[in-house]
Amino acid sequence: MSTTRRQFLKIAGLAAFGLGTSSALDAAEAVAKDMPGAKYDVGGKHLAAKRWAMVIDTRKLESREDYDRIIHACHSVHNVPSIPTKQEIKWIWTDKYDRVFTDDMSQHLSPAVREKDYLLLCNHCENPPCVRVCPTKATFKRADGIVVMDYHRCIGCRFCMAGCPYGARSFNFGDPRPYLKDVNPAFPTRMRGVVEKCTFCSERLEVGLLPACVEASNGAILFGDLDDPNSPVRKALAENFSIRRKPSIGTQPGVYYIV
Amino acid sequence: MYNGKYIIPGIVIFVGLFTFPFWSNLLTPKYERPQLAMPADQKECIEPAEYMRAEHMHILDVWRDQALREGKRAYVASNGKVWDISLQNTCMKCHANKADFCDKCHNSNSVSPYCWDCHVAPRGNQ
Ligand code: SF4
Ligand code: SF4
Ligand code: SF4
């Protein structure tokens, strides 16, 4: 009796193994396939650079209207909601000197410089701490220096917000859609539970357009390739004194300020 | 047989319950492929309809990675035609009737993809 039961179990085990592997093989065969002959390409219109960077000429930005026009340009094309609480979402915003250039210890700044508003956005750092801490690779750095997010992958852990030394990231505590008056139908919104930030308009560069804030700035914001000595950003940096935010921490920001 | 008057009806009930999925399936109406609203002004999709029906989620998955991570926003289809990689600006331009295209099929197959939590559905269609 005991041997027959043993044999029965052996055969049953083998049969189950066979069934299992054959269905696993079937499943592997059913895995989705690319269409034979289809290819992916950068497209004809895209703008390329080795290292995209931005120069903000703060001397050319004066009034609240200047800042609001630029902020509105970015936030309206990217469907950034205006939430009037501490749960606000911002891709580009302003603040005062002592909160922007916190490394600068000068006690007696000129009041004009101290009182002025400065535009702030993600710095697209050369060494981005947000990328290092993101556990899902939802935040990553592209070959052209732009630090972007894949919202599909973001799990909302907010490590990147703790990691970013510039407060450039916002978290969606709730559904942002009720706070969007006019939705740009050509760009997605975000959903509850993901982080978002400035993309350096990578989606616009790929179709041959400069960033929306650059276009709306009437020449106060320059954009170009930091590795190309003839680019508008390199020319502006060669001719003017410029500073960056928190240079001492080694992130190497890609946004320069002419003050 | 001992207790035959209990065992036989018991077996009959057991077999009836056990085969419930089979006979209930025979009694309910057959699954019919839903009638979808096709774009009026376009004859063919980016790839053959059979392939799109089976693999559109795979295409979207690859499109996302190619566009976001590789910076490649042009899809050269197997027939050589070039398309911008964009769910909102390419797919939904033709398939503007989301309710009678995407939703109808997804509903009858009991799948609820969350594309539209972020991607904006075409207007005049909600
Ligand atoms: S919140 Fe999202 S992007 Fe930020 S670290 Fe977590 S997964 Fe990455
Ligand atoms: S500014 Fe912040 S969010 Fe932007 S790349 Fe640097 S660390 Fe990341
Ligand atoms: S570069 Fe683009 S995303 Fe970033 S602040 Fe300017 S307009 Fe907004």
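The values are calculated or read from the model by the stated rules, or taken from the named source; none is laboratory data. Because the structure is a prediction, the values reported are computed rather than measured. A quick note on method: Cβ atoms are made from the backbone with ideal geometry, for glycine too, and the neighbour counts reach across all protein chains shown.
List every residue pair whose Cβ atoms sit under 7 Å apart, with the two residues 6 or more apart in sequence or on different chains, where the first one lies in the range A:40-60 and is more than 13 Å from A:Pro232 (Cα to Cα) and the second, anywhere, is in a helix (DSSP H, G or I) and not charged (D, E, K, R).
A:Tyr40/B:Gln66; A:His46/A:Leu205; A:Leu47/A:Leu205
Can you confirm whether the range A:227-248 contains a residue that is modelled with pLDDT of 95 or more, within 14 Å of another protein chain (Cβ to nearest Cβ) and out of contact with any Gly (no Cβ under 6 Å at 6 or more places or on another chain)?
So far as the range A:227-248 goes, no, none of its residues is modelled with pLDDT of 95 or more, within 14 Å of another protein chain (Cβ to nearest Cβ) and out of contact with any Gly (no Cβ under 6 Å at 6 or more places or on another chain).
Which of (1) closer than 24 Å to B:Lys72 by Cα; (2) touching a residue at least 40 places away in the same chain (Cβ under 8 Å); (3) near ligand 1 (Cβ under 10 Å from one of its atoms); (4) touching a Cys at 6+ places or on another chain (Cβ under 7 Å) is the odd one out, the single condition A:Arg169 does not satisfy?
If we test A:Arg169 against (1) closer than 24 Å to B:Lys72 by Cα; (2) touching a residue at least 40 places away in the same chain (Cβ under 8 Å); (3) near ligand 1 (Cβ under 10 Å from one of its atoms); (4) touching a Cys at 6+ places or on another chain (Cβ under 7 Å), just (1) comes out false.
Quick one: in the range B:40-59, which of the residues that are crowded, with 16+ Cβ neighbours inside 10 Å and closer than 25 Å to A:Cys154 by Cα is farthest from the other protein chains (Cβ to nearest Cβ)?
B:His56
If A:Met191 satisfies all but one of (1) touching a residue at least 12 places away in the same chain (Cβ under 8 Å); (2) away from every other protein chain (no Cβ under 12 Å); (3) aliphatic (A, V, I, L, M), what's the number of the condition it fails?
(2)
Checking the structure you have, find out if any residue of the range A:38-53 is away from every other protein chain (no Cβ under 14 Å) and under 30 Å from A:Asp182 (Cα atoms).
There is at least one residue in the range A:38-53 that is away from every other protein chain (no Cβ under 14 Å) and under 30 Å from A:Asp182 (Cα atoms).
Would you check if A:Tyr179 is more than 9 Å from chain B (Cβ to nearest Cβ) and out of contact with any Cys (no Cβ under 9 Å at 6 or more places or on another chain)?
yes
Among the residues in the range B:84-94, are any assigned to a loop (DSSP other than H, G, I, E, B), more than 11 Å from chain A (Cβ to nearest Cβ), within 18 Å of the chain's Cα centre (by Cα) and farther than 17 Å from A:Tyr151 by Cβ?
No, because not a single residue in the range B:84-94 is assigned to a loop (DSSP other than H, G, I, E, B), more than 11 Å from chain A (Cβ to nearest Cβ), within 18 Å of the chain's Cα centre (by Cα) and farther than 17 Å from A:Tyr151 by Cβ.
Take A:Gly163 and tell me if it is touching a Gly at 6+ places or on another chain (Cβ under 6 Å), of a type in the set (Gly, Ala, Ser) and near ligand 1 (Cβ under 10 Å from one of its atoms).
It is false that A:Gly163 is touching a Gly at 6+ places or on another chain (Cβ under 6 Å), of a type in the set (Gly, Ala, Ser) and near ligand 1 (Cβ under 10 Å from one of its atoms).
I'd like to check which helices (runs of 4 or more DSSP H) are fully inside the range A:102-201 and have at least 2 residues that are surrounded by fewer than 17 Cβ atoms within 10 Å (Cβ to Cβ) and more than 14 Å from ligand 2 (Cβ to nearest atom).
A:111-115
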